[in-house]
Amino acid sequence: MPRIAPQHATDPWRPLCAWSDTCLVQWGGKGVVLSESGSYGTAFFEAFPSDGSGGYLRGEGKTVEEAEADCFSQWQRQHACHTTGGHRWTRARRLKPRGDGKDPRPRRGHVVRVNTYTNGGCFCLKCGAFATAMTEVVELGAWKAPLSASELETIADGGLRQEPWERRDPVRWAKYRRRLALRAKLHGLLLPNPNHPAHTLAPDADPFEDDAFRTACREAVVRFYAKEHLRLRDEANAQGLGITGLFDGLHLASFHRDAVSMGLLPAE
Ligand SMILES: [Zn+2]
């Protein structure tokens, strides 16, 4: 019997396949899968084996049973790879051919399209398993990089405080917040203390309601924006009208309105 994730404690459904005792599993019936032909509701089953066969597996299907069977067959394939010669890890995920006729099947000497991960996540060339098998590639100078529009929006929205409803991967998010807070400080963005008793959130607080901490963060970001708006606008313009550029433009326009209404910038 596998280890079952705590949210399923009272769920009468139980996995059917012969998972190992150390494998953590969870499932759900209403996951939404985004595909090129549109999104559709589906059942999913996820496994986190700790036997070296892979880091994370996800199966999908019309029912949870089907999703589990899909996930289990992936695990069997990856487990067989791990126990017969071992995985061959690469940081570069092989992308599927586009299927538009311009991207033929790879031949000898042909360049395969890849998406290279730098966070340590690796793919097995033999079986396709995914796991954190290497260390992160550190980007030199990343800590000194100026704050981007989307980072400022995260800060203005109170994102540097741990929220009571945050469950997934607390260590990773704590690291992310710490790093962003240190970069903000380095660049002269002075923020209120998220750990001050007046700034902690009750577990039943409304996630969309502004409170003292968020209001103070937003004001600090708007003051920072007023000093740096020329650089931020240039960067948003350089990104063009893609999704990132579009969202950055919306965040900046909102900071700009607040800066004008606070008298920090002249009305245009
Ligand atoms: Zn493998």
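The values are calculated or read from the model by the stated rules, or taken from the named source; none is laboratory data. Only a predicted model underlies this, so the values are computations on that prediction, with no experimental measurement involved. Positions of Cβ are generated from backbone atoms using ideal geometry, with glycine treated the same way; all protein chains shown enter the neighbour counts. These accessible areas exclude ligands, DNA and RNA; they are computed on the full protein's heavy atoms, side chains included. Shrake-Rupley method; radii C 1.70, N 1.55, O 1.52, S 1.80 Å.
Quick one: in segment 117-151, of everything that is away from the ligand (no atom under 16 Å from the Cβ) and touching a His at 6+ places or on another chain (Cβ under 8 Å), which residue is farthest from residue 72 (Cα to Cα)? It comes out as 146.
Here 159, 188 are screened, and the one residue that is surrounded by 16 or more Cβ atoms within 10 Å (Cβ to Cβ) and assigned to a loop (DSSP other than H, G, I, E, B) is 159. Considering (1) at pLDDT 85 or above; (2) out of contact with any Phe, Trp or Tyr (no Cβ under 6 Å at 6 or more places or on another chain); (3) of a type outside the set (Ser, Thr, Tyr); (4) over 29 Å from residue 119 (Cβ atoms), the lone condition that residue 209 does not fulfil carries the number (1). When you scan segment 1-51, how many residues do you find that are part of a strand (DSSP E or B), of a type in the set (Gly, Ala, Ser) and either farther than 28 Å from residue 81 by Cβ or at pLDDT 90 or above (or both)? Within segment 1-51, residues that are part of a strand (DSSP E or B), of a type in the set (Gly, Ala, Ser) and either farther than 28 Å from residue 81 by Cβ or at pLDDT 90 or above (or both) number 5.
Screening segment 124-138 for residues that are assigned to a strand (DSSP E or B) and under 18 Å from the mean Cα position of the chain (by Cα) and picking the one that is surrounded by the most Cβ atoms within 10 Å (Cβ to Cβ) gives 131.
Among the candidates 257, 233, the residue that is open to solvent by 40 Å² or more (accessible area, probe 1.4 Å), in the same structural domain as residue 181 (by TED's automatic domain parsing) and out of contact with any helix residue (DSSP H, G or I) (no Cβ under 8 Å at 6 or more places or on another chain) is uniquely 257.
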